[in-house]
Amino acid sequence: MSDLTPRKDLLDIASLSLEEIEYIFENAAPFKQLFQRSVKKVPTLRGKTVLNLFYEPSTRTSSSFEVAASRMSADVTNFTVSSSSIVKGESLLDTIETLQAMKSDYIVIRHAAAGVPGLVAKHTRASVVNAGDGYHAHPTQALLDSMTLREVYPDYEGRKVVIVGDILHSRVARSTATLFNKLGIEVGVLGPGSLVPEGRHDFMKRFDSWEDVFDWRPDAVYLLRVQLERQEGQFFPSIAEYHKMYGMHSERIEKMRQLGAYLMHPGPVNRGVEITDEAMGYEKSLINTQVENGIAVRMAVLHWLKPETDKD
Ligand code: CP
């Protein structure tokens, strides 16, 4: 593996250089090879502590970081917000001070408010990894998505991916589209007009229908979860209407098959909303590979970041 000046924190994709992105991919590949072995552990982070601090629900990201840190021999603590003093009114900064006193080396944080991971990073000597903040960013999701696409398309530059669904509320769309664009992958978007904001990312090509999408001949279709919990107000007439207009079903899968296009989704999946049960079984689905690559990418990120506690 080549060497690159480490950073203390990973807070977004926009500030990563191409060299840093390549470095993470370069390191993720050998970590992924470890998964084929009967013993999947390496001693890289032995003696280090990783704190998983999730203020919002998560299945994949929190468990993926937990597995990644465990495979690197770190001690992992999962801090459950619902059973902590936060529900008794403790402020974020007081919580950070308490966590700081525990001398964690890495803090993985998810929060409903954009910018919270950055705030935590300023007030702690631990390396902070943003595991999703509001509508802002989800950098490790973008890295695992890009790693997955690059594995099936080593000639990824100039490939086309269409992101379908709730772009407005999606930190995944924001981070993943930004990274695809940095890597020279063309990005299209399809979704209800109310959920596809105008002019947010000029590089994205907007589509109004699946017919237009398929005419563009995408190499992959990336479905987003419809984030009903973030939608204050009605952004489309009904779930049934959404499914009919934008969902992935057998007929559209047949078109994907003709194009040889791959299917991606960050999870968790809303079956019957953005995708049907049958479509979940599509032979060119990369959804499980995304999960596997998530662990490898997160191992590479933890390996690269350098907490200030290393100086102690
Ligand atoms: N992809 C993703 O962020 O999933 P979780 O919300 O389950 O972590």
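The values are calculated or read from the model by the stated rules, or taken from the named source; none is laboratory data. Nothing here was measured: the structure is a model prediction, and the numbers come from that model. With ideal geometry, Cβ positions are generated from the backbone for all residues, glycine too; neighbour counts draw on all protein chains shown.
Yes or no, residue by residue, for (1) in the same structural domain as residue 63 (by TED's automatic domain parsing); (2) over 28 Å from residue 6 (Cβ atoms); (3) under 18 Å from the mean Cα position of the chain (by Cα):
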| residue | (1), (2), (3) |
| --- | --- |
| 124 | yes, no, no |
| 129 | yes, no, yes |
| 133 | yes, no, yes |
| 154 | no, no, no |
| 160 | no, yes, no |
| 166 | no, yes, yes |
| 177 | no, no, yes |
| 183 | no, no, yes |
| 187 | no, yes, yes |
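Sort out which residues of the stretch 6-57 are hydroxyl-bearing (Ser, Thr, Tyr), closer than 24 Å to residue 119 by Cβ and exposed (fewer than 13 other Cβ atoms within 10 Å of the Cβ), and write them in order of number.
Listed by number, the residues that qualify are 15, 17.
Could you check the stretch 46-66 and list, in sequence order, the residues that are within 13 Å of the ligand (Cβ to nearest atom) and β-branched (Val, Ile, Thr)?
If the condition is that a residue be within 13 Å of the ligand (Cβ to nearest atom) and β-branched (Val, Ile, Thr), then 59, 61 are the ones that fit.
So which residues in the stretch 260-283 are more than 14 Å from the ligand (Cβ to nearest atom) and crowded, with 16+ Cβ neighbours inside 10 Å, if there are any at all?
Those that are more than 14 Å from the ligand (Cβ to nearest atom) and crowded, with 16+ Cβ neighbours inside 10 Å: 261, 262, 263, 273, 275, 276, 279, 282.
This table checks each residue for (1) without any contact (Cβ under 8 Å) to a residue 24 or more places away in the chain; (2) on the phi < 0 side of the Ramachandran plot; (3) surrounded by fewer than 24 Cβ atoms within 10 Å (Cβ to Cβ).
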{"position": "150", "(1), (2), (3)": "no, yes, yes"}
{"position": "162", "(1), (2), (3)": "no, yes, no"}
{"position": "175", "(1), (2), (3)": "no, yes, no"}
{"position": "178", "(1), (2), (3)": "no, yes, yes"}
{"position": "185", "(1), (2), (3)": "no, yes, yes"}
{"position": "194", "(1), (2), (3)": "no, yes, yes"}
{"position": "198", "(1), (2), (3)": "yes, yes, yes"}
{"position": "219", "(1), (2), (3)": "no, yes, yes"}
{"position": "222", "(1), (2), (3)": "no, yes, no"}
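If we keep just the residues of the stretch 135-149 that are closer than 18 Å to residue 29 by Cα and of a type in the set (Gly, Ala, Ser), which is nearest to the ligand (Cβ to nearest atom)? So that I can check it myself, show each step before the final result.
Of the residues in the stretch 135-149, the ones closer than 18 Å to residue 29 by Cα are 139-149.
Still in the running and of a type in the set (Gly, Ala, Ser): 142, 146.
Working: 142: 11, 146: 14 Å.
Residue satisfying both the conditions and the ranking: 142.
Residues that are at pLDDT 95 or above and of a type in the set (Val, Ile, Thr): list the strands (runs of 3 or more DSSP E) wholly contained in the stretch 42-146 that include at least 2 such residues.
Result: 49-54, 106-111, 127-133.
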